[in-house]
Amino acid sequence: MSFDHFKSRIQTQFPHDWELFLASLENEPHTSIRYNPRKMESIPPSDIPWARYGHYLSERPSFTFDPEFHVGKYYVQESSSMFIDFVLGRVKKEIFLDKVLDLCAAPGGKSTIILDHLDSHQFLVANEMIPQRNSVLRENLTKWGYPNFLITENKPADFKALINYFDCILLDAPCSGEGLFRKDKNARNEWSLGGANMCSERQYEIFKSVWSSLKEGGIIIYSTCTYNPEENEILLEKLLSDDFEFETIPLEIPAEWNIDVVESQNTIGYRFLPHKVKGEGFFCSILRKKGGYKQQETKLSKDHINIWLGQHISLEQLKNYSTYKFKNSLFLSPSMLLDELITLSKHLYLKQIGIEVAQYKGVELEPQQGLILLAHEVYGFDKIELSSDETIAFLSHSELTLHLENGCHLVVHNQLALGWIKVEKSKLKNLYPQGWKIRTKQLN
């Protein structure tokens, strides 16, 4: 019955093409990926017009068994949500992205887009308050291989204390999920009018929580994956009427993209509809907080690189980055971020700061997965070539029979670095993270 209420609203909301809209929900969803520009020697021309590195696939392959997927050469992402790439290109004309917050960041697709836009002296705070989803976020950002981030596990209200701190906030708000009805048929049965209204109230509270942490003149990118006006343009109008002072920034959108421009009394947003675009449902609006924008002077600390890491990665790649010890591990992050940790750690629960490259085992350092995900080339280790079957066995923590000398060995497949195997007293230890391992069996 609840889905009938949804269909009834769609008929009212889109009186001229509601039949095309509802019919499109029965079609197969499109499969798309976004390539990692720092890990690809060449990238095919984008066929997703609003995403520089996006690409549609003619069918959905088994990503789980593709080694390139596991080392972050690409991210499987719904094409409409890649619109954030286009938006950030516009935002960079207004402000600097020195300090960016992705408030509801898991699983991490939009965070990886933000990282694509950051310079070595800028950083992202990627937050996810649900522990299980936070774990997925940490995995995906580590695989992307850019160390310009820290990951927090906080409620939105915890950010109130960071007054005028962020240049830009991405608020990809938890919503009723109507835009996923084509991808997830079960989502239709979970939808209800009461649930949608509750989402709108929650979005208001989340927005209110982070407003004070945005600089004057800073920008909030507000987005949802729903068509519901109460969670989109009506919510923005309500925020304006309740004295949140902002203006929405218009975008120049080519007509052939078929993106709906949603103009209400005082705001403008952009809506993706499944019968008009090659993607799922999405809404986005760019809000600029009133006031004069000033770039905060960046404190550039002297780079400090642990000798061990300097022996295994090109020093040129480490410019503007520093290593530090955190939770008995060696991490790499932007040098300037280290000065910010004093402020951030007072108010936030830090889960990860940059990329973990090694763990301390007594006084020795043992390489971790982040080292190969970060570096173009790792020096000083024996390389062990694995067959296709051995590669899947390694990634799934299945039994491997390899005769190797004691020490850490870098395992590769077709020249692609996969991870580490450690040999102690002739016993093999697979260092691929347990939480990342393949859990399904490959079909022949």
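A few notes on this one:
- Summary: within the chain, the longest segment free of GluC sites (Glu not before Pro) located in DSSP loops with at most 10 other C-beta atoms within 10 Å is 60-251.
- Charge dipole (Cα centre; +1 on Lys/Arg Cβ, -1 on Asp/Glu Cβ; no other charges) of region 341-444 amounts to roughly 520 debye.
- 1.4 Å probe accessible area per residue over region 353-444, in Å²: 57 Å²
- Local net charge near Gly291, Cβ-Cβ under 10 Å (Lys/Arg +1, Asp/Glu -1): +3
- In region 335-444, Cα pairs under 8 Å separated by at least six residues give a relative contact order of 20 percent.
- Summed residue charge, Cβ within 12 Å of Lys185's Cβ, Lys/Arg positive, Asp/Glu negative: -1
- By the helix-only formula, in which each DSSP H run with n ≥ 4 contributes -39500 (n - 2.57) and the sum is divided by residues, the chain has a 222 nm mean residue ellipticity of -7500 deg cm²/dmol.
- Longest stretch of the chain clear of exposed loop sites (trypsin sites (Lys or Arg not before Pro), DSSP loop, at most 14 other Cβ atoms within 10 Å, sites excluded): 186-289.
- Pairwise FRET efficiency - Glu201 versus Glu366, Cβ, R0 = 56 Å, nearest 0.05: 0.70
- Top of Cys104, Cys284, Cys408 by mean-square fluctuation, Gaussian network on the chain, Cα under 10 Å: Cys408
- Antiparallel %, DSSP beta bridges [both residues in the chain], to 5: 70 percent
- Computed on region 306-363, with alpha-carbon pairs under 8 angstrom and 6+ residues apart, the relative contact order is 33 percent.
- Region 266-403, relative contact order in percent, only Cα pairs under 8 angstrom and at least six apart counted: 15 percent
- Label selected from (i) 71, 55, 37; (ii) 69, 49, 42; (iii) 91, 60, 59, the criterion being Cα extents along the principal axes in Å as computed here: (i)
- Those chymotrypsin sites (Phe, Trp or Tyr not before Pro) in region 366-413 that DSSP places in a loop and that have at most 12 other beta carbons within 10 Å: Tyr379
- Each 10 Å bin from zero holds the following percent of Cα-Cα pairs in region 190-277: 14, 46, 32, 9.
- Local electrostatic count at Val261 - Lys and Arg +1, Asp and Glu -1, tallied over other residues with Cβ under 13 Å: -2
- Computed with a 1.4 Å probe over protein heavy atoms only, the accessible area of His397 comes to about 50 Å².
- Most positive-pole-ward Cα, Phe381, Gly279, Leu124, against dipole of the chain from beta carbon charges: Phe381
- Computed on protein heavy atoms with a 1.4 Å probe, the accessible areas place Val100, Val76, Val363 in the order Val363, Val76, Val100, largest first.
- Size of charge dipole - the chain - debye, nearest 20, with Cβ of Lys, Arg +1 and Asp, Glu -1, no other charges: 1000 debye
- Region 1-142, dipole about Cα centre (Lys/Arg Cβ +1, Asp/Glu Cβ -1), debye to the nearest 20: 460 debye
- Lysines with Cα under 29 Å of Lys427, excluding same-chain neighbours fewer than 8 positions away: Lys143, Lys325, Lys327, Lys361, Lys383, Lys437, Lys441
- Within straight-line reach of Lys215, meaning a Cα separation under 18 Å, sit the following lysines at least 8 residues removed in sequence or on another chain: Lys92, Lys93, Lys99, Lys160, Lys289, Lys290, Lys294, Lys299.
The values are calculated or read from the model by the stated rules, or taken from the named source; none is laboratory data. What you see is a predicted model, and the numbers here were worked out from it, not measured in a lab. Backbone-built Cβ (ideal geometry, glycine too); neighbour counts: all protein chains shown. Just so you know, the surface numbers come from the protein's heavy atoms only, side chains and all, with ligands and any DNA or RNA stripped out. Shrake-Rupley method; radii C 1.70, N 1.55, O 1.52, S 1.80 Å.
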